[in-house]
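Following: one structure in structure tokens, then a few remarks.
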Amino acid sequence: MSAVPRPRAWIDADRLGYGAISAAIADPIQKRGPGRAWMIAIIVAMVLSVITLIAIGAVLTVGIGLSGVNTTVVWGVSIANYVWWIGIGNAGTLISSMLLLTRQRWRASINRFAEAMTLFAAAIAGLFPIIHLGRPLYAYWLAPYPNTMELWPQWRSALVWDFWAILSYLLFSGIFWFTGLLPDLATMRDRAGTQAGRMVYGALALGWRNSARHWGVLETFHKTMAALAVPLVCSVHSIVGLDFAASLMPGWQESLFPPYFVVGAMYSGFAMVVVLAIVIRRGLDLQAMITPAHFDAMAKVMLFASIVMSFSYATEWFMAWYGGEHADRTVVGYFFTGDYRWLYAALLACNCLVPQALWFRSVRGDLRLLAAVAILINVGMWLERILIVWNTLSHGYAISLWRTYHVSLYDLVILFGPLGLFALGFLVLVRLLPIVSMHEVRQVSHEEGAT
């Protein structure tokens, strides 16, 4: 019998039995030490993380004048980074829950690290509003808490909306992710070779005993959480779009923004999942669990999202013309002819043109090309976030206030440095917890073997 997976197989059932699946996922944690590539990667990630922490410390002590903000462009790279990271955080839970509700079997191999992506990305996103706050020592004022002055947050402030968006993501996604881990933590407990390992994994498994009652409760709970996750994530990320749409600035006052931001989050999130899947597949030798069929399916989702995003851009241009507002038309013209026109051209190329290569099976099947497309999509989505801020604030209603944004060294540090924090989180996670769901892959293996 051939060992090559079937074209639409979500797992190579010919190579993996139940025991082999558990061993492939658990052994890199419990029996194999970190390799050279992991050591190099974690050193680089730690260096970037330290640089990021130094930059955050500098802005907390000196102020946001270290960035390129000015009296007109009062939002800069920090807010763009926030929107970009919270979009990626949005996507992980949204992807996992939607695929669970639609009973997509290929979810089993990617849902665990997609949900972990949400936790790390949302935590990183939460740093940027505080960095940009100006007086970060008063960040706790965003939370409603009993105080002697009987003061409450200003609920009409976008900052308060962002506080609840991030908190909702972290709490809900953390519960959704951890409950899915329980059966695998019990497997790790039973396979642990040391007393300390059995105690730690046993405590985390919360008494899981693999009984029919436990499985029934978990399945019901997980589906209920997934049903809640889709409207929650869509509504909460719409709030991020309303940070802009609720203003009176030209180019921002668009009813299109909430759904546009949700689709954009799914777009960049799937692109990040593709990159993570390629790295995890190669680094942990999981080729039999993350098959070419997974990448083919994710590439098709990205292709669909690119078409929706292209339509959204065209709708934005059309509505500016159709609405007849001079300021709106001027801002759209500034997109193509203004100070950031080359960045806007790169945005359209990365988000609209490059993904059209995914129409071809040869591109979807070549992981190097697919990784390049996914990275370019995330670059394009970051450019979209930064240009939403720069284009409108640089070219508002008052001509006397037209100013351009000049990126500072600090801006570059807080742009690239958090990637180190993100990578560090994943590098530590793969050494401590199963990065792929054992019990769900075993179920798919049974179904694939039965077909």
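Details
- Yes/no for A13 being modelled with pLDDT of 85 or more, in contact with a helix residue (DSSP H, G or I) (Cβ under 7 Å, 6 or more places away or on another chain), surrounded by 16 or more Cβ atoms within 10 Å (Cβ to Cβ) and not polar (S, T, N, Q): no
- Taken over region 410-429, the criterion of being open to solvent by 40 Å² or more (accessible area, probe 1.4 Å) and in contact with a Ser or Thr (Cβ under 7 Å, 6 or more places away or on another chain) is satisfied by L421, L424.
- Restricting region 135-153 to residues that are at pLDDT 80 or above and open to solvent by less than 100 Å² (accessible area, probe 1.4 Å), the residue that is farthest from V77 (Cα to Cα) is Y145.
- Matching residues, region 335-351, being open to solvent by less than 20 Å² (accessible area, probe 1.4 Å) and at pLDDT 90 or above: F335, Y340, Y344, L347, C350, N351
- Qualifying residues in region 245-262 (those that are of a type in the set (S, T, Y) and without any contact (Cβ under 8 Å) to a residue 24 or more places away in the chain) - the one surrounded by the fewest Cβ atoms within 10 Å (Cβ to Cβ): S255
- Any hit, region 186-194, residues being in a helix (DSSP H, G or I), touching a residue at least 40 places away in the same chain (Cβ under 8 Å) and open to solvent by 20 Å² or more (accessible area, probe 1.4 Å): yes
- Sub-6 Å Cβ pairs linking a first residue in region 101-120 that is hydroxyl-bearing (S, T, Y) to a second residue that is modelled with pLDDT of 90 or more and open to solvent by 40 Å² or more (accessible area, probe 1.4 Å), at least 6 apart or interchain, number zero.
- The conditions of being within 30 Å of L284 (Cα to Cα), at pLDDT 90 or above, of a type in the set (A, V, I, L, M, F, W, C) and more than 22 Å from the chain's Cα centre (by Cα) are met by M39.
- Some residue of region 386-409 being open to solvent by less than 10 Å² (accessible area, probe 1.4 Å) and more than 27 Å from S312 (Cα to Cα): no
- Meets criteria (modelled with pLDDT of 85 or more and part of a loop (DSSP other than H, G, I, E, B)) for N70: yes
- Of all residues in region 88-102, those being out of contact with any His (no Cβ under 7 Å at 6 or more places or on another chain) and open to solvent by less than 10 Å² (accessible area, probe 1.4 Å) number 9.
- Tally of residues being farther than 19 Å from T118 by Cβ and buried (at least 24 other Cβ atoms within 10 Å of the Cβ) across region 263-289: 1
- Residues of region 309-323 classified as touching a helix residue (DSSP H, G or I) at 6+ places or on another chain (Cβ under 9 Å) and either under 23 Å from W106 (Cα atoms) or open to solvent by 40 Å² or more (accessible area, probe 1.4 Å) (or both), total: 4
- Between G216, G197, G193, the distinction of being more than 25 Å from V233 (Cβ to Cβ), modelled with pLDDT of 90 or more and more than 23 Å from the chain's Cα centre (by Cα) belongs to G216 only.
- Comparison of L228, L242 shows that the only residue that is closer than 26 Å to N351 by Cα, assigned to a helix (DSSP H, G or I), touching a residue at least 12 places away in the same chain (Cβ under 8 Å) and not small (G, A, S) is L242.
- Taking the conditions (1) among the aromatic types (F, W, Y); (2) in contact with a Phe, Trp or Tyr (Cβ under 6 Å, 6 or more places away or on another chain); (3) under 14 Å from M302 (Cβ atoms) in turn, W359 satisfies each one other than (2).
- Evaluating W85 against the criteria (1) of a type outside the set (D, E, K, R); (2) open to solvent by 50 Å² or more (accessible area, probe 1.4 Å); (3) at pLDDT 85 or above leaves one unmet condition, (2).
The values are calculated or read from the model by the stated rules, or taken from the named source; none is laboratory data. Since the model is a prediction, treat every value here as computed from it, not as a measurement. Note that each Cβ is placed from the backbone with ideal geometry, even for glycine, and that neighbours are counted across all protein chains shown. Keep in mind that these areas ignore ligands, DNA and RNA; they rest on the heavy atoms of the full protein, side chains included. Shrake-Rupley method; radii C 1.70, N 1.55, O 1.52, S 1.80 Å.
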